[in-house]
Structures are given as C-alpha cells and as structure tokens.
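Structure first, then comments.
Just so it is clear, none of the values below were taken in a lab; they were calculated from the coordinates. Since we're looking at a predicted model, the values are computed, not measured. Glycine also receives a Cβ, built like all others from the backbone with ideal geometry; neighbour counts cover every protein chain displayed.
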Amino acid sequence: SLVETPDARPTEYSLSQNYPNPFNPATSVQFNIVKDGHVKLAVYNTLGKEIAVLVDKNMPAGSHTVKWQAEDLSSGVYFYRMTAGDYSATKKMILMQ
C-alpha cells in the first residue's frame with residue numbers, strides 16, 4: 001500500500017532506510033520527490049534480479065511511504081532502488097523469516 005503526503009514539499013530527493021530492518025515479513029520505505037514525475041521503486045535480490053516493483057507511476061511531489069509484504073520470499077539480503085528524474089538511490093534491507 002502507498003501513502004502519499006503531497007502537501008509537504010521536500011527540498012531534495014531522498015530514499016530512507018526501510019523500517020523495520022531486519023523485517024519479517026512486512027516493511028515500509030519512505031521517499032521524497034521534489035517535483036511531479038515518474039517514480040520507480042523496485043526490489044532486487046543479491047544477483048541483481050528484479051523481484052518486486054513497489055511503485056512504477058507518475059507521482060506528485062511530496063513525501064511518500066510504501067509498505068511491502070515479503071512473505072513469499074526466503075530470508076536474506078535484498079536491495080531496493082528508487083529512480084525519479086535524474087535521482088537514483090539504492091539501499092540494502094534484510095528479510096528474516
């Protein structure tokens with residue numbers, strides 16, 4: 001599920017560390033986008049294979065939070081990457097089933 005807070009206008013793009021981390025089986029990822037535009041937030045395994053797309057759409061500027069349920073995945077290290085405009089960031093998360 002995605003929670004949008006477009007009224008709060010951030011001054012810079014950012015991707016926060018997921019919470020909680022490590023998680024089992026749900027976690028939340030918060031990110032800020034400065035201007036309206038296309039945003040993609042995806043999860044990758046350690047081999048770089050895309051295993052989930054959490055967001056892939058045009059979004060308004062603001063602060064956003066997406067919740068992810070990973071009950072069908074095995075324990076391990078995963079990476080999530082956000083791209084929006086010229087901004088790109090990747091973070092690591094740990095799933096402990």
Taking every DSSP bridge whose two residues both lie in the chain, the antiparallel percent to the nearest 5 is 95
For the chain, the dipole about the Cα centre with charges only on Cβ (Lys and Arg +1, Asp and Glu -1), to the nearest 20 debye, works out at 180
Taking a crude spin-label model, label points 7 Å out from Cα along the C-beta direction, the THR46 to ASN21 distance in nm is 1.7
Full extension between LEU73 and ASN58 adds, at 0.36 nm per residue less the Cα distance, a length in nm of 2.6 nm
Rounded to two decimals, the Rg over Rh value of the chain from Cα coordinates and the Kirkwood Rh reads 0.96
Taking 46-54, 89-97 and ranking on average Cβ neighbours within 10 Å, highest first, one gets 89-97, 46-54
